[in-house]
Amino acid sequence: MAGPMRIRAASNGTETEVKVLMSHEMETGQRKDPSGALIPAHHITELTATHNGRVVLSGQFGPAVSKNPYLQFRFKGGAKGDKVTVSWVDNKGDKRSDEVVVS
Amino acid sequence: MNTQRRQALKSGGALGLFGVLVAAGLVTAEEARAAGWDKPAFDAKTMDDALKALGAGKPGESSDIMLNAPDIAENGAVVPVGVKSSLPGTEFIAILIEKNPSMLAASFTLPDGTPGDISTRVKMGQTSSVYALVKADGKYFMVSKEIKVTLGGCGG
């Protein structure tokens, strides 16, 4: 099971900047193990970020996103104490959702 | 031999079922995207196929899109790429890497209130042009930048 995400959400009064560091192998499906067998692809496919329950970003990842994906974006609004939630699903159906309070 | 049928079978097989449905007009690209992970777009091996799968057609150029990435990436496994679009009504951003096994790396849908400003990190197998595709106000635009890769990030 994948480890927790590190999320930071900081409001400057008008906008909130969100930085997310996910913990995921992001295996491409192109690499081979030492015996020459192909390592099956294992990567995040879909990602959603919400602010107090409202979707502020949705994304789709292919295997070309780096291991332990990093994502940074902004949205209008958001005040200190609000909640920002980021969740993802990978191609094997694993899920992860983490929440952070806007600072 | 019926060559037309051959051709149809060939292109059908390459596009996959969703591609056929999209081509047949039964499922629009938009609906396919809403239904979850856009496999046809992520499987696309050429720019034309990727743009077709994303429903982008022939995107125009725009000086209002900035593609922030290094000129030289020492490690192809971790290449920081940022896309900033000041086009009004920016609703969709995709990052495509021309010489990767599959071109589309990531795509983002931005609801109202989310500015076109996204940064992430991608893998690059070799030196390649990287494209930022932006949909704003219903129209598609694209900009590119070449990133030189010293050490590839896709091999094993």
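Side notes on the structure shown:
- Matching residues in segment A:43-66 - criterion: being more than 7 Å from chain B (Cβ to nearest Cβ) and open to solvent by 40 Å² or more (accessible area, probe 1.4 Å): A:Thr48, A:Asn52, A:Gly53, A:Arg54
- If you go through segment B:105-132 and keep only what is under 25 Å from A:Ala41 (Cα atoms) and either in contact (Cβ under 8 Å) with a residue 60 or more places away in the chain or open to solvent by 50 Å² or more (accessible area, probe 1.4 Å) (or both), you end up with B:Ser107, B:Thr109, B:Arg121, B:Gln126, B:Val130, B:Tyr131, B:Ala132.
- Checking each residue in segment A:20-37 for being within 9 Å of chain B (Cβ to nearest Cβ) and either under 30 Å from A:Ser103 (Cβ atoms) or not in a loop (DSSP other than H, G, I, E, B) (or both) picks out A:Met26, A:Lys32.
- For segment A:67-85, residues that are part of a strand (DSSP E or B) and within 10 Å of another protein chain (Cβ to nearest Cβ) total 7.
- With respect to the stated conditions, B:Ile93 is touching a Leu at 6+ places or on another chain (Cβ under 9 Å) and more than 7 Å from chain A (Cβ to nearest Cβ).
- Filter result for B:Asp48 (surrounded by fewer than 19 Cβ atoms within 10 Å (Cβ to Cβ), away from chain A (no Cβ under 12 Å) and under 18 Å from A:Gly62 (Cβ atoms)): yes
- Members of segment A:1-27 found to be within 19 Å of A:Trp88 (Cβ to Cβ) and open to solvent by 20 Å² or more (accessible area, probe 1.4 Å), listed by number: A:Met1, A:Ala2, A:Gly3, A:Pro4, A:Arg6, A:Ile7, A:Arg8, A:Lys19, A:Leu21, A:Ser23, A:Glu25
- Failed criterion for B:Lys99 (all others in (1) part of a strand (DSSP E or B); (2) without any contact (Cβ under 8 Å) to a residue 40 or more places away in the chain; (3) open to solvent by 10 Å² or more (accessible area, probe 1.4 Å) hold): (1)
The values are calculated or read from the model by the stated rules, or taken from the named source; none is laboratory data. Since the model is a prediction, treat every value here as computed from it, not as a measurement. Note that we place each Cβ from the backbone using ideal geometry, even for glycine, and neighbour counts take in every protein chain shown. All accessible areas refer to the heavy atoms of the entire protein, side chains included, with ligands and DNA or RNA removed. Shrake-Rupley method; radii C 1.70, N 1.55, O 1.52, S 1.80 Å.
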